[in-house]
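Okay, structure first, notes after.
We did not get these values from a lab; they are worked out from the coordinates using the rules stated. These numbers were taken from a predicted model, which means no experiment stands behind them. Methodologically, a virtual Cβ is constructed for each residue, glycine included, from the backbone with ideal geometry; neighbour enumeration extends over all protein chains shown.
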Amino acid sequence: MPRTEFKQLLDAGVHFGHLKRKWNPAMAPYIFMEKNGIHIIDLQKTIVKIDEAAEALKQISRSGRKILFVATKKQAKLIVAEKVSAVNMPYVAERWPGGMLTNFPTIRKAVKKMSSIDKLTKDAAWDNLSKREKLQITRQRAKLEKVLGSIVDLTRLPAALFIVDVLKEKIAVREAQRLSIPIFAMVDTNSNPEGIDFIIPSNDDASQSIELIINTMCEAIKDGLSDRKVEREKDETDEKPFTLKKTGRKAVVKIIVEDDIEEADEKEDFTEEKIADLLNDEDLSDEGDIVDEEVIDESLPEEDVIDIK
C-alpha cells in the first residue's frame, strides 16, 4: 500500500481550511497556522491520519465486510461514484435516506421492491396494466434506482462509514454513532471531530483534495480484497480433496432438487394487491427524517463488530 506523499497533499490543496471566523475550536490540534484569515491544516498530521485510516479500511475489506461511502455534495458525488464502484463497495451519492441505518430492514424492503418491479416488467401481468400504471411503476423504479441503486449489494449493516464533510452528512453521522458503527471522515477546520473514530483533517471542499484521499482509501480497500482472495485460494488448496461415497450421490441430488424448489418458490405472484404495493410511492422518508418505526436494536450482534483499533 503506497504511502501518501506530502507534496501530493500540498498540490491537491488538502491543507486549505476555512476562514478563521468559521473554525471549530475542537480542530485546533490539527491546525498548523493562520494565513490571510484562513486556517492552514497541518499536513504532517494529515499524513499520519491517512495511513491509520487506510490500514483500518484494508483490514475491514480483508475480513469481507462492506464500507459505506457517503458523499452527497456536488464536488464529491461523481468522484465517489467512480472510485468506490470500482472496488465494489456501496455508496450514497444522492441524498441520505432518513433511517437508512437505524431503520435498515425497511430500506432493504425498498431495495427488494426494485427487483419485484423488474420481475413484473417480464411477467404477463405487465401487459394487462394501463399506460398510466406502467408509467407510475417505471417512475417509481427510476426514483428507487437513483437513491438506492448504489446500495443494492448492501444486505446487512456496513462495518464502517467513510464520510466526506461530517457537517453536511450530520444525519448519517448521528445514525452511525447510534449503532456504534466506526466512522472514517474527512474533517475540515469548520467541523466537529468529536465522535469520529478516524479523523482525516483535510479540505473537504476541493475536488482534487477529495479525489486524492478517496483514491488512497480505495487503493487500501483493493489491497485488502486482494489479500482476502489470496487467503481464500490458499485455504481451498490446503483442503483435502472431497470424495463422494456411494450413498453420497443421493444426498447431492437431494440438495440440487431442494435448491431448484427454493428458486421456484421465489417466483412472485403479481396479484392486484401486489401491484398496488408497487405503485405505492412512500418507500423513502423525506431528507433529514429518521424513521423510528421498526428501529433495529442499537447493539450490534457480536459478529457485526470488528476490532479495527
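Just to be sure I understand the model, the point goes 7 Å from the Cα along the line to the Cβ. What's the resulting Arg156 to Leu19 distance in nm?
4.8
In a shell of Cβ-Cβ distance under 13 Å around Glu34, excluding Glu34 itself, what net charge do Lys and Arg (+1) and Asp and Glu (-1) give? Can you show the working numbers first?
On the way: positive: Lys20, Arg21, Lys22, Lys35; negative: Asp42.
Cβ neighbours under 13 Å give a net charge of +3.
Based on the mean of other Cβ atoms within 10 Å per residue, sort peptides 98-104, 77-83 so the most packed one is first. All intermediate terms of the calculation are to be shown ahead of the outcome.
On the way: 98-104: 22.3, 77-83: 18.1.
Result, highest mean first: 98-104, 77-83.
Per the Debye formula with a single identical scatterer at each Cα and no solvent contribution, what log10 I(q)/I(0) holds for the range 102-156 at q = 0.32 Å⁻¹?
For the requested q values the scattering log ratios are -1.29.
Among Lys74/Lys146; Lys49/Lys143; Lys7/Lys77; Lys22/Lys49; Lys134/Lys168; Lys7/Lys49, which pairs are too far apart, with a Cα-Cα distance over 27 Å? Mind showing how you got there, number by number?
On the way: Lys74/Lys146 15 Å; Lys49/Lys143 37 Å; Lys7/Lys77 25 Å; Lys22/Lys49 23 Å; Lys134/Lys168 36 Å; Lys7/Lys49 16 Å.
Correct reply: Lys49/Lys143; Lys134/Lys168.
Filter the trypsin sites (Lys or Arg not before Pro) in the range 93-190 to those in DSSP coil with at most 16 other Cβ atoms within 10 Å of their Cβ, and list the result. Spell out each step's value before the answer.
Working: sites: Arg95, Arg108, Lys109, Lys112, Lys113, Lys119, Lys122, Lys131, Arg132, Lys134, Arg139, Arg141, Lys143, Lys146, Arg156, Lys168, Lys170, Arg174, Arg178; in loops: Arg95, Lys122, Arg156, Lys168.
The qualifying sites are Arg95, Lys122, Arg156.
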